[in-house]
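Working notes, beginning with the structure itself.
The values are calculated or read from the model by the stated rules, or taken from the named source; none is laboratory data. None of the values given here were measured: they were computed from a predicted structure. For neighbour counting, all protein chains shown are included, and Cβ atoms are generated from backbone atoms with ideal geometry for every residue, glycine included. Ligands, DNA and RNA are excluded from the accessible area calculation, which covers all protein heavy atoms including side chains. Shrake-Rupley method; radii C 1.70, N 1.55, O 1.52, S 1.80 Å.
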Number of protein chains: 2
Amino acid sequence: MMNRRPKVVVLGGGFAGLAFCKEFGDPGADVLLVDRQNHHLFQPLLYQVATAGLSAPEIAQPLRSILSDRPNVRVRLGEVQDIQPDRRVVLVDGIEESYDFLVFALGGRTSYFGHPAWEEFAPGLKSLEDAQRIRRDVLLAFEHAENSTDEAERRRNMTIAVIGGGPTGVELAGAFVELARHVLRDDFRSIDPRKARVVLIEGGTRLLGQFPADLGDNARETLETMGVEVRCGVRVKNLSRNRVELEGGEVIEAGNIVWAAGVAASGLTSKLGAPLDRAGRVQVAPDLSVPVHPEIFVVGDACGIVDRDGQVVPGVSPAAMQAGRHVASILKAEISGHPDREPFDYWDKGSMATIGRSAAVANLGGLHLTGLLAWLGWLFVHLVFLIGFRNRVAVLWQWFYSYVTYKRGARIILGVRE
Amino acid sequence: MMNRRPKVVVLGGGFAGLAFCKEFGDPGADVLLVDRQNHHLFQPLLYQVATAGLSAPEIAQPLRSILSDRPNVRVRLGEVQDIQPDRRVVLVDGIEESYDFLVFALGGRTSYFGHPAWEEFAPGLKSLEDAQRIRRDVLLAFEHAENSTDEAERRRNMTIAVIGGGPTGVELAGAFVELARHVLRDDFRSIDPRKARVVLIEGGTRLLGQFPADLGDNARETLETMGVEVRCGVRVKNLSRNRVELEGGEVIEAGNIVWAAGVAASGLTSKLGAPLDRAGRVQVAPDLSVPVHPEIFVVGDACGIVDRDGQVVPGVSPAAMQAGRHVASILKAEISGHPDREPFDYWDKGSMATIGRSAAVANLGGLHLTGLLAWLGWLFVHLVFLIGFRNRVAVLWQWFYSYVTYKRGARIILGVRE
């Protein structure tokens with residue numbers, strides 16, 4: 001036991017970091033939560049901001065507000081620049097913060113599989129700023145198409161390519177095609193938005209590779225019925241401005257290209273003195289600590305772990321929350337003088353992806369749902385877990401309104417001419 | 001009568017331009033509406049976006065969506081660069097658009113009374129981008145104060161100066177002080193947001209100069225009770241970064257300075273070949289047309305007119321809407337071959353300004369209301385006139401939630417580290 005109150009530094013206020021803070025309470029220790037954003041983001045709905053369904057504040061809550069009832073938790077808005085495990089300090093915006101325990105929860109970032117130059121042509125979707133930029137650029141492309149007299153330019157502006165057929169890619173493609181065919185249908189005079197092309201490109205042989213095959217097939221059929229062109233089993237050879245070149249020679253000219261293909265762990269994982277896997281995730285001990293630094297824990301998307309059933313723990317929010325709570329329990333016990341480092345055990349509650357209006361797929365421990373039933377399940381789960389009561393009601397209202405009217409609440413172009 | 005369908009070009013999709021489009025219908029003419037934004041903005045609530053009460057899409061509706069049921073109205077997203085009345089063309093993003101009738105509804109912009117350099121230090125509040133920038137900078141200043149160890153720097157970051165004691169300045173000052181003293185109260189550990197300073201500066205002898213004196217006095221008392229420091233009868237001598245120098249020698253160091261003091265008409269009014277008043281407004285004929293160009297009309301904040309009762313028409317949204325509808329009636333008749341150029345007659349329904357939670361002032365044709373009653377009236381009027389059903393419900397919900405919980409829905413810092 002120490003004579004002063006121990007200090008826990010938590011890096012990242014996503015699902016993992018926040019679950020830690022909530023569960024940790026005050027066992028006689030202080031917590032410093034560092035994040036580069038002032039808000040916790042409900043990432044599963046980020047695609048709805050990108051597709052003009054929700055506004056940014058509807059899926060975000062200020063971290064300070066969530067933690068205002070925790071006097072032992074300080075929130076620091078800042079960028080983590082360095083971690084020095086041997087000195088037990090982190091560098092935040094040029095200022096050193098020391099720690100007794102470190103919880104690394106910095107999550108993931110978009111990975112371009114060794115082609116960092118592609119980021120310029122195909123933005124990823126990790127932050128609210130990303131989502132707002134995609135929304136603006138997609139809406140502006142329709143405006144350009146309306147003003148254009150050149151047929152090729154018009155067609156290009158009305159084409160959206162989504163790269164990556166995982167849940168995010170499927171959700172984006174479905175929402176974009178609905179935006180064009182239903183929401184924008186009557187809004188233009190020179191163009192017919194129903195003729196917009198949405199192309200979904202997946203390198204693997206089918207969509208939703210982490211789901212059972214029948215659900216991936218169902219997603220593909222549903223998307224194709226909605227009007228999405230799906231390309232599976234074909235990789236991107238090159239990306240340049242408004243241009244996707246596929247292996248095999250097909251070229252897609254697209255006014256907007258969105259990258260939903262890869263996620264890698266934060267680059268700061270390399271500072272932890274631990275082995276990393278190919279995606280940069282930290283290979284932690286069974287209790288989620290770093291082998292040579294038992295005072296450092298890694299939770300969330302930066303954590304690469306196989307749990308005691310031999311299951312690979314996926315980078316989804318329930319896993320992140322479970323990991324955050326697991327580490328909180330360990331540290332609470334340790335600080336109270338009863339160290340007990342249980343191994344982490346992931347409880348897979350199932351996975352879901354929404355495809356569009358009244359369509360989704362869900363895999364709930366062997367039970368495969370599709371269509372309306374899966375969609376209602378998706379709606380229910382997301383409303384239950386959406387943090388913050390106010391947002392829940394506002395989002396439910398938005399969805400109800402959009403469902404009935406086919407209008408979307410957030411079709412506002414911001415920041416065009418600043 | 002012409003052989004082809006006449007073409008009306010409307011510049012600006014604010015209250016005046018949109019009221020024109022709605023009222024005009026289709027008397028056998030085509031309308032082109034040009035705006036630099038894709039949305040109509042409910043400007044009376046813009047201060048709520050700046051003070052983190054509402055999100056941007058909640059007070060904006062896409063112009064295309066509002067006008068989707070008007071097949072004869074085209075919307076063009078673009079910047080008006082030039083107007084050539086003699087050739088009857090306008091230049092929009094480098095492309096000429098010809099017109100038979102022109103409705104100039106470009107509104108106002110922030111005026112710094114001959115000190116354009118001050119804009120850098122004290123942003124005005126005219127667009128959603130302005131409001132989001134102010135919100136971000138005010139929230140960031142509290143973050144800086146929390147991290148700072150220098151007492152003077154901390155105090156500066158916790159000071160907001162609002163320049164201009166008209167309705168916008170009063171509304172901003174009231175909302176800022178509530179943000180600091182109630183909404184942010186429990187969110188910080190090193191600073192006490194209740195110690196934040198909000199200073200409201202007005203060059204005239206009292207607040208709300210366009211309202212009766214008793215209402216201006218009431219606004220001042222209410223603001224002072226809420227904790228705002230009000231300075232009347234003192235002008236700004238100089239502005240620089242984070243520093244307001246007043247005549248008389250007082251210096252206010254403020255992390256945020258917001259300019260709500262002056263409005264001038266769009267600079268394009270000078271292209272219309274008509275006399276302008278001191279604020280750059282066009283001195284129109286009684287029917288709102290430009291004297292030497294009866295095919296050009298000016299409506300909204302760019303229009304400087306005294307109506308037939310000798311009343312100066314104020315730059316408020318009801319006057320803008322009435323003017324837009326007036327011109328629509330004139331042109332409908334003219335295009336149908338029954339020219340009848342009635343003079344414009346402004347019907348003053350009264351004016352209101354909100355001060356804070358449960359406090360407002362209202363002048364309704366001689367009836368002076370203050371306090372809760374005025375506030376309820378303000379709430380009712382703004383909900384009734386808020387364009388678009390979806391927004392209305394969402395905004396009502398937000399207000400109800402904020403009222404009950406003292407939380408605000410849009411306390412999200414965006415675009416810090418792009």
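Ordering B:S111, B:G14, B:A141 by the projection of their Cα atoms onto the charge dipole of chain B, which places +1 on the Cβ of Lys and Arg and -1 on the Cβ of Asp and Glu, puts B:A141 at the extreme positive end.
In the full protein assembly as shown, how much of B:S329 is accessible to a 1.4 Å probe, in Å² to the nearest 10? We get 60 Å² for B:S329.
A 1.4 Å probe run over the protein chains yields, for the stretch B:190-252, 49 Å² of accessible area per residue, whole-number rounding.
In a DSSP loop and with at most 11 other Cβ atoms within 10 Å, the trypsin sites (Lys or Arg not before Pro) in the stretch B:26-131 are B:R87. For the protein assembly as shown, the Cβ-based charge dipole about the Cα centre amounts to some 560 debye (Lys, Arg positive; Asp, Glu negative; other atoms uncharged). Within the assembled protein chains, the solvent-accessible surface assigned to B:T205 is about 130 Å², based on a 1.4 Å probe. The angle between the Cα long axis of helix A:128-147 and the main principal axis of chain A comes to about 10°, on a 0 to 90 degree scale. The C-alpha atoms of chain B define a longest principal axis, and helix B:389-405 lies at about 10 degrees to it.
Take the solvent-accessible surface of the protein heavy atoms, probe 1.4 Å, and return the percent of it on the stretch B:100-243 that carbon and sulfur atoms account for.
The nonpolar share, carbon plus sulfur, comes to 43 percent.
Mind jotting down the distance between the C-alpha centroids of the stretch B:120-163 and the stretch B:250-291, whole Å? With the stretch B:250-291 and the stretch B:120-163 each reduced to a Cα centre, they are spaced 27 Å. Charged side chains reduced to their Cβ positions (Lys and Arg at +1, Asp and Glu at -1) give the stretch B:22-132 a dipole of some 180 debye around its Cα centre.
Across chain A, the convex hull enclosing all Cα atoms gives 145 Å³ per residue.
Please work out the average accessible area per residue across the stretch B:307-350, using the 1.4 Å probe convention, and give it in Å².
The answer is 51 Å² per residue.
Of all the options A:R308, A:R189, A:R231, the one that moves most in a Gaussian network model of chain A with Cα springs shorter than 10 angstrom is A:R189. Mean per-residue shielding of peptide A:76-88 is 1, counting Cβ atoms of other chains within 10 Å of each Cβ. A loss of 50 Å² or more of accessible area (1.4 Å probe, protein heavy atoms, ligands and nucleic acids excluded) relative to the isolated chain is seen in these residues of the stretch B:30-46: B:N38. Summarising the amide proton neighbourhood of B:I257: residues at separation of 5 or more, or on other chains, whose placed amide H is nearer than 5 Å comprise B:A161. Mean per-residue shielding of peptide A:121-133 is 1, counting Cβ atoms of other chains within 10 Å of each Cβ. Between helix A:213-226 and chain A, what is the angle of the helix's C-alpha long axis to the longest principal axis, kept within 0 to 90° and rounded to the nearest 10? Helix A:213-226 sits roughly 40 degrees off the main axis of chain A. For the stretch B:257-359, the orientation-averaged shadow of the C-alpha convex hull comes to 8.8 nm² (one quarter of the hull surface). Rolling a 1.4 Å probe over the protein heavy atoms leaves B:E151 with an accessible area of roughly 110 Å².
Residues in the stretch B:52-134 average 37 Å² of solvent-accessible surface per residue, probe 1.4 Å, ligands and nucleic acids excluded. Surface listing: B:R392, B:R411, B:R70 arranged by accessible area from highest to lowest gives B:R392, B:R70, B:R411, probe 1.4 Å.
Residues with amide H under 5 Å of B:D26's amide H, sequence separation 5 or more or different chain, H placed in the peptide plane at 1.01 Å from N; which? For B:D26, whose amide H was placed from the backbone, there are no distant partners under 5 Å.
Ranking of B:Y47, A:Y403 by solvent-accessible surface, largest first: A:Y403, B:Y47 (1.4 Å probe, protein heavy atoms only, all chains present).
The distance separating the Cα centre of the stretch B:354-377 from that of the stretch B:14-67 comes to 26 Å. The simple spin-label model puts a point 7 Å past each Cα toward its Cβ; for A:D86 and B:S358 those points are separated by 6.2 nm.
In this Cβ point-charge picture (+1 for Lys and Arg, -1 for Asp and Glu), chain B has a dipole of about 760 debye about its Cα centre. Remark: relative contact order (the stretch A:160-237) = 37 percent; criterion is Cα-Cα distance under 8 angstrom and separation of 6 or more residues.
In Å², nearest 100, what accessible area do chains A and B bury in total when the solvent probe is 1.4 Å?
So the buried area, both faces added, is about 4800 Å².
Counting protein heavy atoms only, the stretch B:268-407 has 62 percent of its accessible area on carbon and sulfur, 1.4 angstrom probe. The residues A:H326, A:H40, sorted by heavy-atom accessible surface at 1.4 Å with ligands and nucleic acids left out, run A:H326, A:H40 from largest to smallest.
Short-range pairs are left out: with C-alpha atoms under 8 Å and at least six residues apart, the relative contact order of the stretch A:7-72 is 35 percent.
Positive-end ranking of B:I59, B:I412, B:G365 along the dipole of chain B, with charges on Cβ about the Cα centre, is headed by B:I412.
Report in % the part of the accessible area of the stretch B:8-57 that belongs to carbon and sulfur, leaving out ligands and nucleic acids; probe 1.4 Å. Here it works out to 46 percent.
Report which residues of the stretch A:47-61 become buried by 20 Å² or more of accessible surface when going from the isolated chain to the complete set of protein chains (1.4 Å probe; DNA, RNA and ligands ignored). Listed by number, the residues meeting the 20 Å² cut-off are A:S55, A:P57.
With each run of n ≥ 4 DSSP H residues scored as -39500 (n - 2.57), what mean residue ellipticity at 222 nm is computed for chain A after dividing by its residue count and rounding to the nearest 500 deg cm²/dmol? Present the calculation step by step, with values, prior to reporting the outcome.
On the way: 10 runs with 123 residues, N = 418.
Estimated from H runs of four or more residues: -9000 deg cm²/dmol.
Taking a ≥ b ≥ c as the square roots of the Cα gyration tensor eigenvalues, the protein assembly as shown comes out oblate, since a/c reaches at least 1.5 and a/b does not exceed b/c. Counting Cβ atoms of other protein chains within 10 Å of each residue's Cβ and taking the mean over peptide B:184-196 gives 3.
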